[in-house]
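Quick notes on the structure that follows.
The values are calculated or read from the model by the stated rules, or taken from the named source; none is laboratory data. None of the values given here were measured: they were computed from a predicted structure. Methodologically, a virtual Cβ is constructed for each residue, glycine included, from the backbone with ideal geometry; neighbour enumeration extends over all protein chains shown. Areas reflect the complete protein model, heavy atoms only, side chains present, ligands, DNA and RNA absent. Shrake-Rupley method; radii C 1.70, N 1.55, O 1.52, S 1.80 Å.
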Amino acid sequence: MDAESLPYALDLVAGGGAGLSAEKRAALRASLLLLRRDYRFERVRFWGRIQGIRGPYYIAEGLGGDRAGPRSRLYSLNCVEWSLLPPATEEMITQTAGLKGRFQGDPSYEYDSTEKKGEENERIYEEEGGPMIKEEIRLVAMIDQIDKAVGIVPRGAFVKTPLGPVHENRNFEGLSLTEAKKLNSYFHFTEPVNLKNRTLLQKADLDPSIDFLDSLEHDIPKGSWSIQLERGGSLVVLRSLLWPGLTFYHVPMTKQYGYIYLGTGEKNIDLPFML
C-alpha cells in the first residue's frame with residue numbers, strides 16, 4: 001500500500017475485520033513520508049503487520065526505479081522509529097525453515113537451533129550445539145517467503161522493457177469488472193517459475209511486455225484464493241487462504257490496487273485437507 005493513499009486503502013481492506021487504530025494510521029502516514037525523504041526512495045509502501053506475542057512488527061518497503069528489483073525493507077515496533085532489515089539470503093531461509101510457532105515481538109530474541117522440528121535435526125543438534133538464530137533474521141526470511149508466495153498485482157499494471165527493468169504501466173486504467181473476477185487477471189510479483197516451463201505454443205498468445213509473471217490460476221493447491229465483490233460490486237477483494245491475513249484489493253476501471261498482510265506469520269499447512 002502506498003504511503004500517500006494509506007488511510008483510504010486501509011478502509012477498503014477492512015471488510016475482513018483486521019485493521020489499524022486511528023493513532024497508528026496517523027503515525028504511519030507521517031513516518032512513511034519521512035522514510036522516503038531520509039532514505040531517498042522513489043516510493044514507500046506499507047507492507048503490513050506481523051503480530052507477535054509481546055507486540056507487533058510493522059513492515060515498510062522502499063522501492064527504486066526498477067519495480068521488480070531488490071527492495072529495501074524496514075520494521076518498526078511503534079510506527080515511528082524504523083530499522084533497516086538486511087536483504088534475505090538463501091542461508092537465512094535455510095536457517096529459519098524449521099522454526100515454528102508465533103513470533104515473540106522482540107527482534108533481539110534468540111531461538112535455539114534445537115527448537116527446529118524433526119528427528120534428523122534433533123539428532124544433529126544433540127551431538128553438536130548449533131548457532132543461535134535471532135528473531136530479526138526469522139522476520140527477514142518470513143517477509144520474503146510471504147511476499148514471494150502471495151504478493152500480487154493486476155495484469156497490465158507493470159510493463160517490462162526490452163532492456164529488462166520493470167516499470168509501472170502509465171497506460172494501465174484498471175481491470176474491467178469481468179476481468180477482475182478471474183484469477184488469471186492477477187500475477188505474482190516475483191521471479192516467474194511456471195512461465196519458464198511453458199511451451200512456445202502456450203506462450204504464443206501472451207504479450208511479453210505484460211505477461212512476464214506467473215498467474216494465480218496455476219497456484220497449488222487450487223482454491224487457495226478467495227475472490228469477493230464488496231461495496232455493491234465496486235470493489236474486488238482477494239484473500240489468501242494459504243497465508244491468512246494477506247488481503248489484496250482492486251477498484252475496477254481505476255488504478256487503485258494494493259495488498260497488505262495483517263497476520264501472525266503462520267502458514268495454513270492444513271489447507272489441502274480443508275478444501
Amide proton proximity set for G48, modelled H, under 5 Å, gap of 5+: I59, Y261
Let me have the 222 nm mean residue ellipticity of the chain computed from DSSP H runs of 4+ only, each contributing -39500 (n - 2.57), with the sum over all residues rounded to the nearest 500. -7000 deg cm²/dmol
Kindly state, to the nearest 0.05, the FRET efficiency for H167 paired with L275, given R0 = 35 Å and r defined as their beta-carbon distance. 0.40
Listed here are the pairs K24/K222; K160/K222; K134/K222; K182/K255; K100/K160; which of them are more than 26 Å apart at the Cα? K24/K222; K160/K222; K134/K222; K100/K160
Hey, got a sec? Which trypsin sites (Lys or Arg not before Pro) in the range 36-118 land in a DSSP loop and have at most 14 other Cβ atoms within 10 Å? R40, R54, K100, R102, K117
Local charge sum around Y261 (other residues, Cβ-Cβ under 9 Å, Lys/Arg +1, Asp/Glu -1)? 0
GluC sites (Glu not before Pro) restricted to the range 43-113 and DSSP loop, no more than 13 other C-beta within 10 Å: E81
Report the gain in length on full extension from Q256 to Q228: 0.36 nm times residue separation, minus Cα-Cα distance, nm rounded to one decimal. 8.4 nm
Taking the Cα centre of the chain as origin, sum charge times position over the Cβ atoms of Lys and Arg (+1) and Asp and Glu (-1), and report the length of that vector in debye to the nearest 20. 1060 debye
On average, how much accessible surface per residue is there in the range 130-182, in Å², for a 1.4 Å probe, leaving out ligands, DNA and RNA? 48 Å²
Charge tally for neighbours of V44 with beta carbon under 14 Å away, counting Lys, Arg as +1 and Asp, Glu as -1, is +4
Set Lys and Arg Cβ to +1 and Asp and Glu Cβ to -1, take the dipole of the chain about its Cα centre, and tell me which of G65, S226, A180 lies farthest positive. A180
Positive minus negative residues near Y109 (Lys, Arg vs Asp, Glu; Cβ under 10 Å): -1
Selection from T89, M1, G52 lying farthest towards where the dipole of the chain points positive, charges on Cβ: M1
